[in-house]
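S.K.: What follows is a single structure, and I will ask about it in a moment.
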Amino acid sequence: MITWMQRHKKWLIITIWISTIAFVGAGFVGWGQYSYGNKAGAVAKVGDVEISKGELQKTYSRLYAQYNQMFQGNFDEEKAKQFGLDKQALQQLVQQALLINLAHSYDLIITDKEMIKVLKEQKAFYKNGEFDKETYKLVLSQNRLTIKEYESQLRKELLIQKTFKLLPVKTSKNEENILNTIFNIADKINYKVLTLDDIKVSVTDKELKKFWETQKNNFMSDVIYEVNFIKVTSVPKEYSDADIAAHYKENKTHFKADDGKILTLETAKEKVVNELNAKAAKDKALRTYIAFKKNKLSDDIKQNKAQISKSNNPFNAQTLETISKLALTKPYTKPININGIYYIFELTKIIPSKPKSFQEAKSKVLPLYITQMKKEKLMKMANESVNTFIGKTSDFLNITSVDKLTPLNKEEAADFLQKLFVSDKKRSFIGLNNGKIVLYNILEQKLLTNKNNNVSDTVAKLKSTMFNEGLIKTLQNKYQTEIYIQGL
């Protein structure tokens, strides 16, 4: 995070705006259920800086929007969990808080004048060619932000920017010359690419079962939760014009057109009725929940039974996660809205996970066993043929020659070249990150005379990365970090 901020100080404020409007694209998604400490809304404290639940929610939403854009709209909560989005959000805020503590130690502040100057430079708040206060309020409102929230975050970002100005990363001519020399070392090599596709593996049940025995704890059955549940259905009601008008008056900001303007009562009437029905349904569900807990359900309310697990879930992932956090001593969930219908669950039994039998796990064990056997045989092939292989001969290559090593793609070639130019062996092999192995023999080496015009930027980025890593470690040792939420 701070590496990016230091390299792009000039564009930092523009990015604040981009990050702000990203909340809408995320749909202001939730980020899981966690238990909070008694810190009045704080989820963490770093030095003297508290991190609020709202800040964590907004940071999570911004990251969610960014990933959703990268995945072209195919990002969901399940992928968010796989990517550890909640941890990423907290980590960003912790790093920001460390830097703010540093700024405070220098007695740095952002004055109102400095902040107003930046605000008035943001074209997104312009109307008719100049900053417009009403446009400012409207845009923030559309993005579910208050002026106080936005300006508070803006002050923090400006404070971090001001702090970085005290910590410039500069490069020297000698450093540029050294890196330029590294970039211009060139090798002509003979090489051969070995892949897992080159290996054939035959499998017997005896061998597979022996492998499963060593791995059986990695193939566990799902935890099964037995529950009673109630389905709370709601019936649309008839509301008087007075009731509709009263609700509209109290909640008119809920009813807006696409351009952010508040709808008239006549135009919003259907939405008002829907909101009243939703409120009535929630009230009914809460009353049913209380009666369920007190064992005072009316006789006409039917209780159902179900077994829920990861592989057998008739509800949804969020419901399963909520149920998994229950205990037999506190077995009830609050009403959960699933596709517009409220459900209330009572946990009655937990069937623990256990290792699957060989037959149950076989279909998942087989591809892992084949992959492991192929890797072992591929490594054996590489060791046996490294001194005798005959492959392709390349042109002179330097560390940037990623398009000159067919059949490797650019990513694979970059992986190989980075490892090649730190190797001290003339003839050897290199394992790539994707499992392929490249045999190589250096035939000739020379120093090119090309001048890299971007070397200064590269040196600055390398130094900036090293500096920032060291800075964060130093600040982590200086300022205590307390996390008040369980699960992160």
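We did not get these values from a lab; they are worked out from the coordinates using the rules stated. What you are looking at is a predicted structure, and each value in this text was computed from that prediction instead of being measured. Note: ideal-geometry Cβ built from the backbone for every residue, glycine included; neighbour counts use all protein chains shown.
S.K.: What's the long-distance tail for the chain, i.e. % of Cα pairs beyond 44 Å?
M.R.: Across the chain, Cα pairs with separations above 44 Å total 40 percent.
S.K.: Do the sum for the chain: with -39,500 (n - 2.57) for every DSSP H run of n ≥ 4, divided by all residues, what is the mean residue ellipticity at 222 nm, to the nearest 500 deg cm²/dmol?
M.R.: Helices in the chain give a 222 nm mean residue ellipticity of -16000 deg cm²/dmol.
S.K.: Place a label point 7 angstrom from the Cα of residue 48 along the Cα-to-Cβ direction, then list the residues of segment 98-120 whose backbone nitrogen is under 13 Å away.
M.R.: What the label zone holds, given the 13 Å backbone N cut-off, is 100-109.
S.K.: Okay, moving on. Given R₀ = 45 Å, FRET efficiency for residue 88-residue 185 by Cβ-Cβ distance, to 0.05? Before the final figure, lay out each step's value.
M.R.: Working: r = 37 Å, r/R0 = 0.82.
Calculated value: 0.75.
S.K.: Give me 401, 363 ranked fewest to most by other Cβ atoms within 10 Å of their Cβ, as a rough exposure proxy.
M.R.: Final ranking by Cβ density, sparse to dense: 363, 401.
S.K.: Right, something else. Report, in listed order, any pair from 87/380; 58/79; 282/330 with a Cα-Cα distance greater than 28 Å. Don't skip to the end; give the middle numbers.
M.R.: Details: 87/380 40 Å; 58/79 18 Å; 282/330 22 Å.
Cα-Cα > 28 Å for 87/380; rest within.
S.K.: Now for a different question. If the reach is capped at under 17 angstrom between alpha carbons, list the aspartates and glutamates near residue 173, excluding any in the same chain fewer than eight residues apart.
M.R.: Answer for residue 173, where 17 Å is the Cα cut-off: 457, listed by chain and number.
S.K.: Using only the Cα atoms of segment 224-351, build the gyration tensor, take square roots of its eigenvalues as a ≥ b ≥ c, and label the shape rounded, prolate or oblate: rounded if a/c is under 1.5, else prolate if a/b is larger than b/c, else oblate.
M.R.: Numbers: a/c = 3.22, a/b = 2.04, b/c = 1.58.
Prolate, since a/c reaches 1.5 and a/b exceeds b/c.
S.K.: Further question on the same structure: Shape call for segment 71-174 from the C-alpha gyration tensor, a ≥ b ≥ c root eigenvalues: rounded (a/c under 1.5), prolate (a/b greater than b/c) or oblate?
M.R.: It comes out oblate by the Cα gyration axes.
S.K.: Evaluate E = 1/(1 + (r/R0)^6) for residue 114 and residue 482, where r is the Cβ-Cβ distance and R0 equals 51 Å; express this FRET efficiency to the nearest 0.05.
M.R.: After rounding to 0.05, the efficiency reads 0.95.
S.K.: On C-alpha positions alone, give me the angle between the axis of helix 205-215 and the longest principal axis of the chain, in degrees, nearest 10.
M.R.: The angle comes out near 70 degrees.
S.K.: Please compute the contact order of the chain in relative form: average sequence separation of alpha-carbon pairs under 8 Å and at least six residues apart, divided by the residue count, as a percent.
M.R.: 26
S.K.: Further, regarding this structure: Specify, per residue and in Å³, the volume enclosed by the convex hull of the alpha carbon atoms belonging to segment 160-309.
M.R.: It is 493 Å³ per residue.
S.K.: How about residue 200: which aspartates and glutamates have a C-alpha closer than 14 Å to its C-alpha, ignoring those fewer than 8 places off in the same chain?
M.R.: Straight-distance partners of residue 200: 376.
S.K.: Further question: Please list, in chain and number order, the residues 5+ apart from residue 256 or on another chain whose amide H is under 5 Å from its amide H, with Hs placed from the backbone.
M.R.: The list, which skips near neighbours in sequence, is 263.
S.K.: Here's something else I'd like to know. For the cross-link pairs 81/305; 377/426; 209/362, which exceed 18 Å when the distance is taken from alpha carbon to alpha carbon? Intermediate values should be presented prior to the final figure.
M.R.: On the way: 81/305 29 Å; 377/426 24 Å; 209/362 8 Å.
Long pairs (Cα-Cα over 18 Å): 81/305; 377/426.
S.K.: Also: Neighbouring Cβ atoms within 10 Å as the yardstick, rank 106, 150, 440 fewest first.
M.R.: Sorted ascending by nearby Cβ count, the order is 106, 150, 440.
S.K.: Can you tell me how segment 272-342 classifies by the Cα gyration tensor, rounded, prolate or oblate, using a/c under 1.5 as the rounded cut?
M.R.: It is oblate, given that a/c is not under 1.5 and a/b is not larger than b/c.
S.K.: Among bridges DSSP assigns within the chain, what percent are antiparallel (round to 5)?
M.R.: Just about 100 percent of them are antiparallel.
S.K.: Which FRET efficiency, nearest 0.05, do residue 234 and residue 332 yield, Cβ-Cβ r, R0 22 Å?
M.R.: Calculated transfer efficiency: 0.65.
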